[in-house]
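Following: one structure in structure tokens, then a few remarks.
The values are calculated or read from the model by the stated rules, or taken from the named source; none is laboratory data. Everything numeric in this text was worked out from a predicted model, so none of it was measured. Backbone-built Cβ (ideal geometry, glycine too); neighbour counts: all protein chains shown. The area values use the complete protein model at the heavy-atom level, side chains included, leaving out ligands, DNA and RNA. Shrake-Rupley method; radii C 1.70, N 1.55, O 1.52, S 1.80 Å.
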Amino acid sequence: MATPTPAPAPPLPATVVNSLAMGATEPVVERENQEREELENEKKGEEEEKEEEVEKGEEEEEEEEEEEEGDVEKGKVDAVMEENVIEKNNEGRDHLNVSMLQRLNPTNPLRIIINGGRRVHTPPQPHHQPPPPSQPNRPPPSHYSQPRSTPIPTPPQPSPITLNSRKYTNKISLFLFMLHMVVAVGLECFLIFRGIQGLIKAPASVKQREKMVLEYLLPQVEAASLLSISLAFAWQKAVRQWPHFMIHFILWSSFVMSLSAGILLVCFQRPTTDAVGVCFIAFAIGNGLYACWVSPRIKFCTKVLIKAMEPTSKFEDLNHPTYVMLGAGFIWMSMWILAVIGTFNFPFQPLIIIVLFLSLAWTAEVLRNVANLTVSRAISLFYLRGMQSSTNFCFQRALSLNLGSACLGSLFVPTIEALRIVARGLNLLEGEDEFMFSCAHCCLNVMEAIFNYGNGWAFVQIAAYGKGFVRASQDTWALFKGQNMEIIVDSDITSSICFLTGVCSGSICVVMAAAWTFKLHQTFTATVSLVTFIIGYLMTRIAMALPHACVSCYYVCYAEDPQIRLFDNTIKDRLNLIELGRDNLVPTPRVPVPRRFSAT
């Protein structure tokens, strides 16, 4: 009997294929066990049917035999089908294993189980090989997809601050100053020419007057100029050698000398000299009160001055720019005196003298700030970079690139210092008077605005980084605020010491010139006294630019980087004492808070 051809094996259910495709092997084994149980149940049912057919009798034996043959053939077919199913499952499993090997990581545990515990090493793909394209019929699952990262535009980085900027600062101020110098030189030369012409061609009365001026005024003024230069060098040398003693000495010697000059002028008993003498006496009284007021600050000021002057020993020629500025100042003041003599031939003599005086004051301040910028660059680079730069190179930068900032600062800084003095005075005199409080409030608000946009500390950053005057003032004050140093720099008396040094030199020149002139020609006593005081003050301020610049560099560079090894704990300890309330200070007030309106 021919064996019938077995029917083709039915396809696997979709659940089996999906489970294999997902890499799950345990559901496949359970499905095979269920199929085997179903086949065994079918066999048991066939055997029961056979027993029932045997019991029916012989009549059905042939049928039973045929049925038995059919059952045997059916059992064979089922066995073959069972073997085909197992073989099909094994082939499908091998096919799935191959497809899964292409997608699974070699270290995946499921891949190791499928491969019979063997790790399959796959060679690394090159980085330039593009990823395989995704199949359109099977979109990837949502948890496999990653959002495409979009590049975030980075903001433009600020240009780094350089220590060797080649840009000219405050060009408008530089242009105005150079225009002023051209006009001033032209005016002085014209006035000197007219003075010489008056001595030759003028009427006898004019000649007589000019000769008297040349005889009784010019020698005293020139002598005061030379004396002021000598005093300027002496003050600077003494401050560098004995800073602790000189701070006390300057505070009280300025009081004594200004009082002496005032008393001397009053003793001449002339209306003009009495007026000038009263001004000197009033200033002396304020000077004495100020010296008593700042006595608690002297110790800290001395420590800062000593520490700030230490780097000057590294620069042997640091004073050379100051010598040049003093020489230029002496020449300019000599021309100025000759120009003043030439004004006697003009009807508006007082107005011309005032214009010449303003020109002289601005020029002298520019000379002082040029010296300040030179010293500030040398000292600040020594603090910030530890480099010992050339003093001549610093001097050239101050005369060229940074001259515009020096010109602009020469207009603002004296105003700032004057407002500082007025603010401190009003702070001491403030009482219950509403008008005085309103004036103090207004002046202090003005000073706050000026300090944000222009202050004397700005010259350090102008010299170091080549910034403009206004920007350097803002950045410097922001550094002080960041380090909580406003109260310290407000209470610093270095600028006041330099100012009083100039006052002391001017008073000494007044005593010398007034006594000399009163003996020769009493009419010129008041005029000579004012002129010699101005010359002595301005020349001394030029020389005192060096210690002032050193102290400014110490504060500003510390505010920029307190971790510099050249700094000690002087400022840090002072800040700690202020925070603990153990340091009694009377700082320059920023925004006034009246006592009668304060919260109780």
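So here's what we get for this one:
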read-out	value
Solvent exposure ordering (accessible area, 1.4 Å, most first) of Phe175, Phe451, Phe533	Phe175, Phe533, Phe451
13 Å beta-carbon shell around Ile534, net charge (K/R +1, D/E -1)	0
Residues with amide H under 5 Å from that of Ser491, placed H, sequence gap 5 or more	Thr588
Full-extension gain in nm, Ile298 to Thr570, via 0.36 nm per residue minus C-alpha separation	96.5 nm
Note, ³J(HN,Hα) from phi for region 317-328, Karplus 6.51, -1.76, 1.60, rounded to Hz, x at Gly and Pro	9, 5, 8, 4, x, 5, 4, 5, 5, 5, x, 5
Enclosed volume per residue, in Å³, of the convex hull spanned by Cα atoms of region 508-571	95 Å³
Counted charge near Gly195, where neighbours are those whose Cβ lies closer than 15 Å (Asp, Glu -1; Lys, Arg +1)	+2
Backbone HN-Hα couplings from phi across region 286-301 [Karplus 6.51/-1.76/1.60, Hz, Gly and Pro as x]	x, 4, x, 5, 5, 4, 5, 5, 8, 4, x, 8, 5, 4, 5, 4
Calculated diffusion of region 278-380, Stokes-Einstein form, Kirkwood radius summed over Cα pairs, 20 °C and 1.002 mPa s, µm²/s	123 µm²/s
Highest average packing first - 546-552, 346-352, Cβ atoms within 10 Å	546-552, 346-352
Summed side-chain charge close to Glu365 - residues other than Glu365 whose Cβ falls under 14 Å, Lys, Arg +1, Asp, Glu -1	+1
Alpha-carbon Debye profile of region 443-502, log10 I(q)/I(0) at 0.13, 0.18 Å⁻¹	-0.37, -0.69
Karplus-derived HN-Hα couplings along region 257-269 (A = 6.51, B = -1.76, C = 1.60, θ = phi - 60°), whole Hz, x at Gly and Pro	6, 5, 5, 5, 4, x, 5, 4, 5, 5, 5, 6, 6
P(r) of region 500-545 over all Cα-Cα pairs, binned every 10 Å from zero, in whole percent	34, 45, 18, 3
Pairs beyond 21 Å (Cα-Cα), from Lys299/Lys481; Lys237/Lys307; Lys481/Lys572; Lys307/Lys572; Lys307/Lys467; Lys237/Lys314	Lys299/Lys481; Lys307/Lys467
Calculated P(r) tail over 14 Å for region 349-415, as whole % of Cα pairs	62 percent
